[in-house]
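To keep things clear, I will list the structure first and then write my remarks on it.
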Amino acid sequence: MTTKLNENELWLLSFYRTSEISGALFFGRLCKTLKSSAVQHDMSKHFSDEAHHAWLWTDCIAKLKAQPLKLADSYQDQYISAAGLPANIMEILAITHVFEKRVIRQYALHSRVPDLQPEIKETLSAIMQDERWHLEWVKNALQSMENEFGKENIEQALQRFLQADEEVYAKTMKEHEERVHGLGILAGR
Amino acid sequence: MLDRSAVKFKIASVLQVQPELIVEEAILNELVVDSFILVDLVIELQEEFSCRLNQENLKSVRTVGDLIQQLELHRFAAA
Ligand SMILES: [Fe+2]
Ligand SMILES: [Fe+2]
């Protein structure tokens, strides 16, 4: 079996896969914990989407005749250690909003890489459709929480997480500079 | 007053560990290695015991006892 992926590509797709799995597990767990509400409803769909994305990457890697790498830390773990633990549902949605924005930017950047294998391009475009909805429902849910949590507190939480996001993204890019540049993906903010 | 042993029992059940391990001095990061599970635990405790915490309240929390204290301080008025 000859793989159609080079080492860097396989690493990045495995990284995406691990990150989608972590997202699914995180939301799945929360869906079980939260009381029945509109947030629980939309989060259940979000959970199922992230699990599906993990499958899409698994399948994409298989179609390219490779096997996913087992990676230790997910990107989300680093987020929580940089930003601190979100303590309530508003803070969880704020960190999710910032994270989903980063995911969309990263996937958009990747889909612009010249001569991308069609399997990767298709996977990216299928996932991006769901990711847009993720951003939207989270944004609406945060808006609906303004009375309960205060608009200012929501904005402050978003700001705090945004700062952590920039730190973690810059750190990840630096750590994996060679791989990412090798693929022609330039770090964008 | 918050029933401290009920909170400890709930922590043990969420983390699926022996209730004897959940003592006031137990360090949370040693009980839960996965930060996602810790987020879930904190949400579960707030739902169960009618409390509302924020990031700021968790800053000084290291042990089970610290967490229970924060829950105690941030219960809903109606609870
Ligand atoms: Fe996803
Ligand atoms: Fe997503």
*asked:* Loop only by DSSP, 14 or fewer other Cβ within 10 Å of the Cβ. Give me the trypsin sites (Lys or Arg not before Pro) in region A:68-153 that pass, ordered by residue number.
replied: A:LYS70, A:ARG112
*Give me the angle, in degrees from 0 to 90, between the Cα long axis of helix A:151-175 and the longest principal axis of the Cα atoms of chain A, rounded to the nearest 10.*
20
*Dimensionless Rg ratio for region A:52-189, taking C-alpha atoms and the 2.2 N^0.38 Å reference*: 1.15
*Distant-in-sequence amide H partners of B:CYS51 (H built 1.01 Å from N, under 5 Å)*: B:PHE76
*asked:* How much accessible area per residue does the protein assembly as shown have, counting only protein heavy atoms and a probe of 1.4 Å, in square angstrom?
replied: 52
*What residue among B:GLN70, B:ALA12, B:ILE37 has its Cα farthest toward the positive end of the dipole of region B:4-73, where the charges are +1 on Lys, Arg and -1 on Asp, Glu, each on the Cβ?*
B:GLN70
*Relative contact order %, region A:1-132, counting alpha carbon pairs below 8 Å whose residues are six or more apart*: 29
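What average number of partner chain Cβ atoms lie no more than 10 Å from the Cβ of the residues making up B:31-41?
Averaged over the peptide's residues, the number is 5.
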*asked:* Let me spell out the model: positive unit charges on the Cβ of Lys and Arg, negative unit charges on the Cβ of Asp and Glu, origin at the Cα centre of region B:4-73. What dipole size does that give, in debye rounded to 20?
replied: 120
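Compute the whole-percent fraction of alpha carbon pairs in region A:1-87 spaced more than 23 Å apart.
33
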*Using the reciprocal of the averaged 1/r over all distinct C-alpha pairs, how large is the Kirkwood radius of region B:4-73 in Å?*
11.9
_Please list, by residue number, every one of the GluC sites (Glu not before Pro) in region B:1-76 that is coil in DSSP and has at most 11 other beta-carbon atoms within 10 Å._
B:GLU25
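Of all chymotrypsin sites (Phe, Trp or Tyr not before Pro) in chain B, which ones are in loop regions per DSSP and have a Cβ with at most 16 other Cβ atoms within 10 Å?
B:PHE76
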*How many partner chain Cβ atoms sit within 10 Å of a residue's Cβ in peptide A:87-93, on average, as a whole number?*
6
*Can you pick out the pairs among A:LYS70/A:LYS121; A:LYS35/B:LYS10; A:LYS45/A:LYS151; A:LYS101/A:LYS139; A:LYS4/A:LYS121; A:LYS45/A:LYS101 whose Cα atoms lie more than 20 Å from each other?*
A:LYS70/A:LYS121; A:LYS45/A:LYS151
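Where nothing but the Cβ of Lys and Arg (+1) and of Asp and Glu (-1) is charged, how large is the charge dipole of chain A around its Cα centre, in debye to the nearest 20?
My answer is approximately 240 debye.
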*Whole-angstrom Cα spans of the protein assembly as shown along principal axes, big to small*: 64, 40, 32
_Between 0 and 90 degrees, rounded to the nearest ten: what's the tilt of helix A:89-111 against the longest Cα principal axis of chain A?_
20
*Helix A:38-63 versus the longest principal axis of chain A: what angle, 0 to 90°, nearest 10, using Cα atoms?*
10
*asked:* Can you compute the modelled spin-label distance between A:GLU136 and B:ASP34, with each label point 7 Å from Cα toward Cβ, in nm?
replied: 3.1
*Once you list every other residue whose beta carbon is under 15 Å from the beta carbon of A:LEU69, what net charge do they have if Lys and Arg are +1 and Asp and Glu are -1?*
0
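The values are calculated or read from the model by the stated rules, or taken from the named source; none is laboratory data. Fair warning: this is a prediction, and the values are worked out from it, not measured in the lab. Glycine also receives a Cβ, built like all others from the backbone with ideal geometry; neighbour counts cover every protein chain displayed. Just the protein is used for accessible areas: all its heavy atoms, side chains included, with ligands, DNA and RNA removed. Shrake-Rupley method; radii C 1.70, N 1.55, O 1.52, S 1.80 Å.
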